[in-house]
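Single-structure report; data block below.
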Amino acid sequence: MVRASMKLRRPFLTKLAMVAVSLAVFATGGHFIATGAINRQQTRQLEELANIALRRSEVAVDFGVATLDDVMRRGPMNCNSASLQAVRLQVYQRSAVKDIRLVTREGSVICSAYSETLEFDNEWVKRTDMLRTGDRGPMLFRVDQINGVALGVLKDIDDTNSLVAILGVSASLFDILPAELRDHGEVMVRLERGADIGRFAPAAGLDVPDLVAFSATSHRYPLHATVRVAPQALQSWNRDGYWPVMLIAVGLGLVFGLLLTRTVRQLEGPIADIDRGLARREFKPYFQPTFDLRSGEIKGCEVLARWVHADGSITPPMNFIPLAESSGRIEAITWQILGEALKVLRPRMTDDKYFKMSINITPRHLVSEGFVDRLRSEVRDGGVAARQIVLEVTEREAFADLEKAATIVEELREYGFRVAMDDVGVGHSGLSQIKRLGVNTMKIDKFFVDTIAQDGPAATIVEMLVRLAAKLKMTVIAEGIETVEQRQALLACGVEDGQGYLVSPPLPFAKFDDFLIRHAVKLDAEATVRDASRVA
Ligand code: C2E
Ligand code: CA
Ligand code: CA
């Protein structure tokens, strides 16, 4: 029992391990695929955000230039109050423009639309430090102010004077980062030489050592935009795709694992199937009655193997016995079936000391080491007398060592067992083997019974076998009797016992037990009718 349950548990654990490994591999793969895809998506999105920041800064420059063109078109700006008033209106109407100033060729301020803003400047760049954009384009420079930075856009009016628009870029950067990243990232726009002209960063500052950065560079102006984000923040941003991908991966892992266990099982092949069947005790005895040909009285039964699977389907012996024999599993199957048959038949066999149970033993098993001892202990433990057990040894296979086989048959007979030669007439070794083996019974094969009722050699051969058996002090039984005519013909040849569908096919124990009871009742009734007609 212990061995069987260990055998059962091992394949289950192996299967479980295969499914677990498959799940782990798919989940890991799923994790890397999902994370990779999310990272790529994040990179694309953040690069796009840097692009947006850049385009907004370019638009700010364009807007500054357009504003200055507008001012110039309305007449030269001078520092009188009417002119300044008109420019102030322009500034007021354009929220991105903070101030417009008239400057000298070198860049020093002559006057400003909002002269108060001059006080906010920390420093004012000289023309030589400004960046030219193209041949005739405006010049750009950083305006460092109290509490922030701004972008200066300068356009020359004539050889002596220029106009400058002060543009606030930072305000246009506020909404670029999505809300979830705003506290963990910054957006910065810089001029080519590194000076920042606009920046959005969290009020509390960004105290993270290695921010991930994404940049974009303008083709039109000497501008760079950079988006920098704390890596931890990216781990919780926009990961909606992660769990669906993991769910699919785990599902696939499960399906793959189960398929794998199936495939491995198929690769293991039919021998492993037999081993599993043994571990689950799926090999069951079926019982076919043997009977007195004249009276119909039941004299015993032959035990025939059936493989009853968990789903209730049944494999007949011809589909597994040959492989079980060649792979050395037949011995285990025989013991499993014998043990079960003894268990269920014990009450009947102790009740009826003449009831005989036949079991099929392969020649190789018969001569194998320890066979007689194991058989004796099984039968003793089963509580049945040895003389009620018949061992059917097939004549289809030749004995490798006939002398050894004969010794074992003799030993078995000394212990009281009976030995029958099965399938007599269809084997190769012929009658001399039967004689040398010294068996008790000849079991005539169905091959002869099939045609015995017709004209032909079958009846002659059977008659000859019966005579030979009598000379050797052996009994005869015929198998595969299907019709009343066959029974009559066998009786005419001198055969007394038989087995076949005429009386019953092999049955599982419950049905066999039921059959025995009903058959006895039927025979009793027939005897009563016979007696009554005799009296009459
Ligand atoms: P077998 O030992 O010659 O068994 C007789 C076979 O003939 C059985 O087939 C039985 O069901 C079948 N049979 C009996 N009466 C009739 C009948 O009237 N008509 C027909 N058509 N068939 C009948 P089964 O059970 O399929 O077994 C086939 C063979 O498998 C057996 O032939 C035997 O050689 C082998 N076998 C069965 N069980 C065992 C076993 O436990 N151990 C070994 N070693 N061989 C077994
Ligand atoms: Ca048999
Ligand atoms: Ca046979």
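Throughout, read-outs are computed from the coordinates displayed, never taken from laboratory work. Nothing here was measured: the structure is a model prediction, and the numbers come from that model. In this analysis, Cβ positions are derived from the backbone assuming ideal geometry, glycine residues included, and neighbour counts consider all displayed protein chains.
Against the chain, whose longest principal axis is taken from its Cα atoms, helix 457-471 shows a tilt of about 70°. If you wrap the tightest convex hull around every Cα atom of the stretch 330-476 and split its volume per residue, you get 117 Å³.
Absence of a disulfide-compatible partner, taken as no other cysteine beta carbon within less than 4.7 angstrom, is noted in the chain for CYS301, CYS493.
Its Cα centre serving as origin, the chain has a Cβ charge dipole (Lys and Arg +1, Asp and Glu -1) of approximately 480 debye. Measure nothing but the geometry: give the 0 to 90° angle between the long axis through the Cα atoms of 371-381 and the longest principal axis through the Cα atoms of the chain, rounded to 10°. Here the helix axis deviates by roughly 90 degrees. The alpha-carbon of LYS471 sits under 17 angstrom from the alpha-carbons of these aspartates and glutamates, leaving out residues fewer than 8 places away in its chain: GLU463, GLU496. Each of VAL250, VAL87, VAL484, VAL153 was scored by other Cβ atoms within 10 Å of its Cβ. Arranged with the fewest first, they read VAL484, VAL250, VAL87, VAL153. Cut-off 12 Å, label point 7 angstrom out along Cα-to-Cβ of THR14: give me the residues of the stretch 307-339 whose amide nitrogen falls inside. Label zone hits: none. Give the residue list of trypsin sites (Lys or Arg not before Pro) in the stretch 331-372 that are DSSP loop and have at most 14 other beta-carbon atoms within 10 angstrom. Here the trypsin sites (Lys or Arg not before Pro) that fit, given the DSSP loop and packing criteria, are LYS353.
Mean silhouette area of the stretch 277-530, derived from the convex hull of its C-alpha atoms and averaged over all directions, reads 14.1 nm².
Scaled to the globular estimate 2.2 N^0.38 Å, the Cα spread of the stretch 1-149, given as radius of gyration, is 2.25. The calculated 222 nm mean residue ellipticity attributable to helices in the chain amounts to -15500 deg cm²/dmol, summing -39500 (n - 2.57) over DSSP H runs of n ≥ 4 and dividing by all residues. For the chain, the spherically averaged projection of the C-alpha convex hull amounts to 48.1 nm². A DSSP coil position with no more than 13 other Cβ atoms inside 10 Å describes the following trypsin sites (Lys or Arg not before Pro) in the stretch 282-340: ARG294. A crude spin-label estimate for the pair GLU180 and VAL535, with each label 7 Å from Cα along the Cβ direction, gives 10.2 nm.
Modelled this way, with points 7 Å down the Cα-to-C-beta line, the labels at ALA398 and THR28 are 5.9 nm from one another. In terms of surrounding Cβ atoms within a 10 Å radius of their Cβ, MET349, MET72 rank from fewest to most as MET72, MET349. Annotation: lysines with alpha-carbon distance below 22 angstrom to LYS343 (same-chain offsets under eight excluded): LYS284, LYS299, LYS353, LYS356, LYS511. Cross-link partners of LYS522 among aspartates and glutamates, defined as those whose alpha carbon lies under 16 angstrom from its own and excluding same-chain residues fewer than eight positions apart: ASP292, GLU297, ASP513, ASP514, ASP531. Look at the dipole of the stretch 277-530 built from charges on Cβ: of ALA332, GLY494, LEU375, the Cα furthest out on the positive end belongs to LEU375.
Footprinting exposure proxy ranking of THR217, THR315, fewest other C-beta atoms within 10 angstrom first, gives THR217, THR315. The trypsin sites (Lys or Arg not before Pro) found in the stretch 121-185 that occupy coil by DSSP, while having at most 13 further C-beta atoms within 10 Å, are LYS126, ARG136. Angle, helix 509-535 long axis vs. longest principal axis of the chain, Cα atoms, 0 to 90°, nearest 10? Roughly 30 degrees, rounded to the nearest 10.
Pairwise Cα distances in the stretch 15-250 exceed 29 Å in 42 percent of cases.
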